[in-house]
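What follows is a short report on a single structure.
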Amino acid sequence: MTHSQQVAPGAVRAAIVTWGFLVAIQLTVAPASAFTGHALGLQGSGHVEIDDSPLLHGSDGLTLSAWFRVDQLRGWQALMWKGDMPDRHPWYNREFGLFIEESGYVHLCSTPVSRQRRGQLYVNTPGGTIRPGQWFHVTAVVSSDAKGGVMRIYVNGELSASRPYDRSGLKNSTGPLWLGGIPQTGAGFHGMIDDVKIWRRALAGEEVRQQMHGQMTTTSGLMAHYTFDQVDLQGDLVDQSGHRHRGHLVGDAHLRTLQVAVPPVATVAFPVATPLAYGGVPATTTTTTTTMRADESTTTTTTTSPTTPVVPVVSAPLYATVPLVSIPIATVPQVTMPQATVRVEPIKQEPESIAWIDADGAYLLLKALRNDDSGTRRRAADAFDRLSPEVESQVLSVALRSDDAIVRRRAASALEGVDPDNFRSLAELALASDDVLVRREAADALDRRSYAVGSGGAIDIAKPLLSASTASTFRPQRYSGWAQKWSAQRPDVWDDPPEGLLAKYNRVDGVGLGWRLPQRYDNYQGLAHFGELMYGFDSEQWRYQVGGEVFTFYGPPHHGAHLAAFGIEAHDLTDTQDGWLLSEEENSLAAALLRRDYYDHFRRVGGSLYSAHNIGGVLQVTGRYARDDFESLEQISEWSLFGDRWGEASFAANPQIDEGIIASLRLDVQLDTRDETSSPNRGWLINGLAERSGGFLEGDHTFKRYLIDLRRYQPVGRGSRFDLRLRGATAKGRMPSQYRYRIGGLGSVRGYDDKAFAGDRVALLNAQYWLDMDQHWGSGLPVDGVGLGVFFDAGAVWSAQNLSDPFEGFEQLTSEGDFKRSVGLSLGSSDGSVRFDFARPLDKGPDGQEDGWRMLARISRTF
């Protein structure tokens, strides 16, 4: 159940129900905010058996992890075990074992190579660590190498126990891997197990926490992974790691379907069965037990109304199962699906009644919070104010650490209503967050609950309440389309760039090394300074930027903080107008490896005054006056690591520019609703620019220019996304050559020569459909982490005859031959950040010839 499935409110669900030879289709409506998932259910006399494989052995490192809920503490209960039979004292046949003991501790054991006749080594967590009826995450790590070894147990991401281990390596056994029990010896598990992972390496502490929270970006060393969401046609569990270690269900082992539905607060129509608790509505829990075999499939559904509040699950009529496997119609097995109808009666209760969420519901919410889909995560966050006191700390502590800014902030806004016993630890966690809005919400909750803040108060803050935020919404100047990140156009006002060493490589400076000091906001208002210094070893020139600003936060924090800043900066920079095509990091890599510099560089010396506003982290407006002296730069660098073999014979000459002083007034506006900044899956990004130069501002060039860049990221199904970019720009008067618009090739209209078309008017369209094959088809593919895309590019650029009319030519773009078009395929990583683009132009190039297919290698998205 790694990814809890979200059922859209009001969605119609269909299920095939059979009684003997009678087949019927049952249509039902899903309850509001429903989440479903599957886990391995065990009742003490069953287990999962996985055949031995060389990939399941880790001679110098091993990591075991799982989520579990034990129904009762009784004797020894096995989570995972691998060894040879017989398994008896002194336990020297065990490769590894992970158990829950009746005193409530976790027991990890393993036999080193040097102790194969003397017995295992083991470590235990403190007694009482595990409590029945609650979900826990456990990670067991064993490492052994020439420097020594160690055994560690992490519970809910925190180190709970450790001890030294032998340096001779782990014993390799030929017996199967068992989950939930050991045949012939007992140790049967009573409860549920989910999300089992086996790594053939020892995870570090931070990796343990990342994989628990679903934030781990690598699957290196992952040898087996069971989510219990899929079985094959033989009824065996599918190994999501792709290594095909099938799991066989034995005895009473079965797949349990859990489902929670959290209704809106104002809803009062629920089953009535028990007295109200916590001042809320009693809930109903539905558990579907599905037993899958090659020759039978039985499903039974039970609906219970316990004496303690649990998660409301379904409203009548009840749909009983989520299909686990597709079976041809001709071979549909008989399915026994008793119908369960729940009587719905109005509750004589206040309209603000709350349905409290218990341990099982909290577990499904935790799964939803780790879902790749931002909509699923945020619907789960809607339930934060309905958590029962027993699960508040577990769920909110995970949410406060989420990579999703919306989830973090909703968790922080729920602090005011949490149980007093949980408030202190959660408030301290929120105050230590890197997200400024989370800290402000925590501070407000402290004030409203009359807690003191500070060294002399009840709670000490770990960080200033306001400092530079790492939240993705605080970035008013991601103007990669027309301004370099670190330039006189203003560094990222609300970004928190890393402090430290800078490095780049290009054809005009060669290797550049330097140091960056980012601006930081350490209070509600004050003075922030920033700067960078870099030296080009081929140009033998220093480049710098230095500045400061006065800033203040304003506005109610629970409505979204606003930030206003007024600043001044001076600079001497190697700059470009090509940042919208690719990042400086990718350009430096292409230049260093293949002798391909996609940037046209020039020197810009001067300074600027600016005023910037961030409104709620979504709308950002920046106005500035700038005065710059532009100079041409010569191509002087020649070195490349692989250029002589796979790249270019030499760098292309750096183009000359129109030199002189440009004094201008400029307005930048950005609207950003994307869920992520580096790899967005949903949302809008709209940038607009208007600039006036010359006239009463003086300077050597007089012109006006306007640019708009609109991007939409739209999910269209499981693991699939449609991306669209529309870009248009024009000018009034004669723009200097460095500001002219250029398209063609990488980053614009793929398949043509780079920047083959130029002018003072441009219209560009990029459309792409991207498919994450793992998410769309599951992990049964031969390779993991692969994405596939198709794209269409079209662009037109021209120079106007009447320079006084900025709209000349746009109304005639529909005529044939105006646009240069291309189509292509992309193959790369699952999110498309690393990929190969194969593009074919559909029109003739500047030389009048039609070219064939071209390949581009990229390490970032096109847009």
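The values are calculated or read from the model by the stated rules, or taken from the named source; none is laboratory data. Values in this document were obtained by computation on a predicted structure and should not be read as measured data. Note that we place each Cβ from the backbone using ideal geometry, even for glycine, and neighbour counts take in every protein chain shown.
Looking at the stretch 712-766, which of the residues that are of a type in the set (S, T, Y) and part of a strand (DSSP E or B) is modelled with the lowest pLDDT? Give the derivation first.
Step one: filter the stretch 712-766 for residues of a type in the set (S, T, Y), giving 713, 720, 730, 737, 739, 741, 748, 752.
Add one more test, that the residue is part of a strand (DSSP E or B), and what stays is 713, 720, 730, 741.
Values: Y713: 94, S720: 90, T730: 95, Y741: 95.
Residue satisfying both the conditions and the ranking: S720.
Scanning the stretch 205-240 for residues that are hydroxyl-bearing (S, T, Y) and touching a residue at least 24 places away in the same chain (Cβ under 8 Å), we see that the one that is nearest to A39 (Cα to Cα) is T227. Check whether at least one residue in the stretch 835-850 is crowded, with 17+ Cβ neighbours inside 10 Å, of a type in the set (A, V, I, L, M) and part of a loop (DSSP other than H, G, I, E, B), and report yes or no. No, every residue in the stretch 835-850 fails to be crowded, with 17+ Cβ neighbours inside 10 Å, of a type in the set (A, V, I, L, M) and part of a loop (DSSP other than H, G, I, E, B).
All conditions in (1) in contact (Cβ under 8 Å) with a residue 24 or more places away in the chain; (2) out of contact with any Pro (no Cβ under 7 Å at 6 or more places or on another chain); (3) crowded, with 16+ Cβ neighbours inside 10 Å hold for C109, with the sole exception of (1).
Could you say whether any residue in the stretch 646-665 is assigned to a helix (DSSP H, G or I), in contact (Cβ under 8 Å) with a residue 24 or more places away in the chain and farther than 20 Å from Q620 by Cβ? Among the residues of the stretch 646-665, at least one is assigned to a helix (DSSP H, G or I), in contact (Cβ under 8 Å) with a residue 24 or more places away in the chain and farther than 20 Å from Q620 by Cβ, which makes the answer yes.
Please verify whether F819 is modelled with pLDDT of 80 or more, surrounded by 17 or more Cβ atoms within 10 Å (Cβ to Cβ) and out of contact with any Phe, Trp or Tyr (no Cβ under 6 Å at 6 or more places or on another chain), treating the condition exactly as stated. Before the answer, list the steps.
Working: modelled with pLDDT of 80 or more: yes; surrounded by 17 or more Cβ atoms within 10 Å (Cβ to Cβ): yes; out of contact with any Phe, Trp or Tyr (no Cβ under 6 Å at 6 or more places or on another chain): yes.
Spelling it out, F819 is indeed modelled with pLDDT of 80 or more, surrounded by 17 or more Cβ atoms within 10 Å (Cβ to Cβ) and out of contact with any Phe, Trp or Tyr (no Cβ under 6 Å at 6 or more places or on another chain).
Test A78 against the stated conditions and say whether it is modelled with pLDDT of 90 or more, within 35 Å of the chain's Cα centre (by Cα) and closer than 22 Å to Q394 by Cα.
On the way: modelled with pLDDT of 90 or more: yes; within 35 Å of the chain's Cα centre (by Cα): yes; closer than 22 Å to Q394 by Cα: no.
Taking the combined requirement at face value, the residue does not satisfy it.
Scan (1) without any contact (Cβ under 8 Å) to a residue 40 or more places away in the chain; (2) touching a strand residue (DSSP E or B) at 6+ places or on another chain (Cβ under 6 Å) for the single condition F696 breaks and write down its number. It is condition (2) that F696 fails.
Among the candidates V834, V797, which residue alone is modelled with pLDDT of 85 or more and farther than 22 Å from K755 by Cα? Checking each option against the conditions leaves just V834. Has the stretch 681-688 got at least one residue that is of a type in the set (S, T, N, Q) and either at positive phi or not in a loop (DSSP other than H, G, I, E, B) (or both)? Within the stretch 681-688, one or more residues are of a type in the set (S, T, N, Q) and either at positive phi or not in a loop (DSSP other than H, G, I, E, B) (or both).
The number of residues in the stretch 125-145 that are in a loop (DSSP other than H, G, I, E, B) and either in contact (Cβ under 8 Å) with a residue 60 or more places away in the chain or not assigned by TED's automatic domain parsing to the domain that holds G169 (or both) comes to 4.
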